[in-house]
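See structure below.
The values are calculated or read from the model by the stated rules, or taken from the named source; none is laboratory data. As the structure is a computational prediction, the values presented were derived from the model and not from experiment. So basically every Cβ, Gly included, is an ideal-geometry build from the backbone, and we count neighbours across all protein chains shown. Remember, those area values only see protein heavy atoms, side chains included, never the ligands or the DNA or RNA. Shrake-Rupley method; radii C 1.70, N 1.55, O 1.52, S 1.80 Å.
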Amino acid sequence: MAVLHKYRAIYTHTDTIKILMKEIGSHEYHRQLRLKKLEENKPMLMKHFYLESKIDGIHLCYQYPLGPCSIMVVDDRYENLPLQGWELIRDDGF
C-alpha cells in the first residue's frame with residue numbers, strides 16, 4: 001500500500017509562476033508578505049519560488065536558506081494556475 005503523504009506535489013516552472021504572480025498583483029503580494037511578517041526578508045530570486053499542493057489548497061512558496069515558507073494560498077480565483085507539469089517528490093521531512 002502506497003503512503004502518499006511521503007510525497008508532495010510541487011510546480012517549479014518559473015515562467016508560469018511569473019504569469020501567476022502578475023495576476024496576483026503587487027498589492028496583494030505585498031499584503032501577504034506583511035501578514036506573514038516577511039517584509040524584512042522578502043523573496044529575492046525568482047528561481048526559488050514554487051507552487052505546492054497541500055490539503056488546504058495550492059500555496060505559493062519560497063525556498064529560503066533556512067527552509068521553505070508558504071507566502072499565500074492561491075486558489076481557483078486565479079486563472080493561471082498550472083494543470084500540467086507538477087512533480088511528485090519525496091518529502092524528506094516525513
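Rolling a 1.4 Å probe across the protein heavy atoms gives the chain an accessible surface of 71 Å² per residue. Remark: C-alpha extents of the chain on the principal axes read 45, 30, 23 Å, sorted largest to smallest. Note on the chain: helix-only mean residue ellipticity at 222 nm, from DSSP H runs of 4+ residues weighted -39500 (n - 2.57) and normalised by residue number, equals -6500 deg cm²/dmol.
For a quick protection proxy, order the peptides 78-85, 53-60 by their average other-Cβ count within 10 Å, most packed first.
My ranking of the peptides, most packed first, is 53-60, 78-85.
Taking Cα atoms only, the orientation of helix 26-35 departs from the longest principal axis of the chain by about 70 degrees.
Of Leu81, Cys69, Leu51, which is farthest towards the positive pole of the chain's charge dipole, taken about the Cα centre with +1 and -1 on the beta-carbons of Lys, Arg and Asp, Glu respectively? Among Leu81, Cys69, Leu51, the one farthest towards the positive end of the dipole of the chain is Cys69. With respect to the chain, whose longest principal axis is taken over its alpha-carbon atoms, helix 14-24 is tilted by about 50°. Would you work out if the range 1-50 is rounded, prolate or oblate? Take a ≥ b ≥ c from the square roots of the eigenvalues of the alpha-carbon gyration tensor; rounded if a/c is under 1.5, else prolate when a/b is larger than b/c, oblate otherwise. It is prolate, given that a/c is not under 1.5 and a/b is the larger ratio. Using a cut-off of 20 Å between alpha-carbon atoms, which lysines can reach Lys54, once sequence neighbours fewer than 8 places away in the same chain are excluded? Straight-distance partners of Lys54: Lys6, Lys36.
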